[in-house]
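A short reminder: the numbers here are calculations on the coordinates, not readings from a lab. None of these values were measured; they are calculated from a predicted model. All Cβ positions, even for glycine, are placed from backbone atoms using ideal geometry, and neighbour counts span all protein chains on display.
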Amino acid sequence: MKLTPVALLLSGLCAVSLAAHAQQAGEPVYREYTGYIDYGKSPKASDDARHTGTWEHWKDRAKLDEKRVASAEDQWTTNWKFMDPPFDGSLHGGHEAQDRGEELYKQLNANGRFATCLGAKRGDLKSLRLQYPQYNRTLKRVVGMEQMIEHCAQQQGMKLENGSYDNTAVSVYITAFSNGMPLKIDVTRGPLKDSFERGKKLFHTKAGWTNFSCATCHVSIVGRSLRGQTPTTHYGDIAHWPTYRTKDELQSLHVRFAECNRNAGVQPLKIGSQEYTDIEVFMTALSNDYPVAVPSARD
């Protein structure tokens, strides 16, 4: 029997509800997973050479093949790096966000405490982005930079909710000070290792009425057409986030996770949740050794 989309959605919601009740009752919950690929103990962006083989096409932003970029069939192999700065000289929403972020940062850091709270030594923002995600002893959890922006802004009497435009704008402004510097987080030990392992599992966990995982698109069917789009590799992606979406929306990474959840028929989690942060850690590790580039843009 072929189910209608509405029936599929209802069946998916019922499955989620039953799973929640089972979990509350202490019963094991059956989950399906997309098979893992070999991530290794110390992953890095260049590992994609043995995954999709596209690494050679985007490893150097300054040497992107213009014909490949313009090709409807091959554009995905450049992993959207053609829209990283300086892809052109025009003004887009990411530049406007960077200006807004500078304005807010100067308000927040009038007494220098905001930068100190974020971990900037002597107020220097250079390379600060490279410290995140990190384990924060005050919050007693692993956090991304946007979560710390919210926390540190609150200490200065300003509400900058994680996922909001202004929070993300401050993140763009700060991140730009690390442009050209390679990401490098250590997931071989401690809380970041635990977070990486949880994030890897979540990335491969199927859910929703589509029974998709993040890895369904970015591992199983990467490079194949899906709803008019072609999923790209999940390696090297974090280096240009936050990003400006050309549908006129500034997005943090967690907002993108929520959007992906909705597209897959999964109830989104709270922005800044530990689950989204774990996936952020996992994906950041897969961008190790790849240089930061913001403000970026993508469709």
Counting Lys and Arg as +1 and Asp and Glu as -1 over every other residue whose Cβ sits under 10 Å from the Cβ of residue 45, the net charge comes to -2
The Cα radius of gyration of region 35-140, divided by 2.2 N^0.38 Å with N its residue count, comes to 1.47
Both in Å, the radius of gyration and Dmax of the C-alpha trace of region 124-211 are 15.1, 47
Distance in nm between residue 227 and residue 184 label points, each 7 Å along Cα→Cβ, equals 3.8
Listed residues 94, 180, 228; largest mean-square fluctuation, Gaussian network over the chain with Cα springs below 10 Å, found at 228
Ranked from fewest to most other Cβ atoms within 10 Å of their own Cβ, 148, 158, 83 fall in the order 158, 83, 148
Listed with the fewest Cβ neighbours within 10 Å leading, 192, 286, 125 appear as 125, 192, 286
With T = 10 °C, eta = 1.306 mPa s and Kirkwood Rh from C-alpha pairs, the Stokes-Einstein D of the chain in µm²/s is about 79
Listed residues 86, 43, 231; largest mean-square fluctuation, Gaussian network over the chain with Cα springs below 10 Å, found at 86
If 116, 138, 277 are placed from fewest to most neighbouring beta carbons inside 10 Å, the sequence is 138, 116, 277
Among 233, 54, 246, the residue with the largest mean-square fluctuation in a Gaussian network model of the chain built from Cα contacts under 10 Å is 246
Here P(r) for region 66-212, Cα-Cα distances in 10 Å bins, as whole percents, is 10, 30, 32, 23, 6, 0
Here P(r) for region 183-299, Cα-Cα distances in 5 Å bins, as whole percents, is 2, 11, 18, 25, 24, 13, 4, 1, 0
The alpha-carbon center of region 130-195 and that of region 25-98 are separated, in whole Å, by 21
Going residue by residue through region 42-49, the Karplus relation 6.51 cos²θ - 1.76 cosθ + 1.60 with θ = phi - 60° gives ³J(HN,Hα) values, rounded to whole Hz and with x marking Gly or Pro, of 10, x, 7, 4, 5, 4, 5, 4
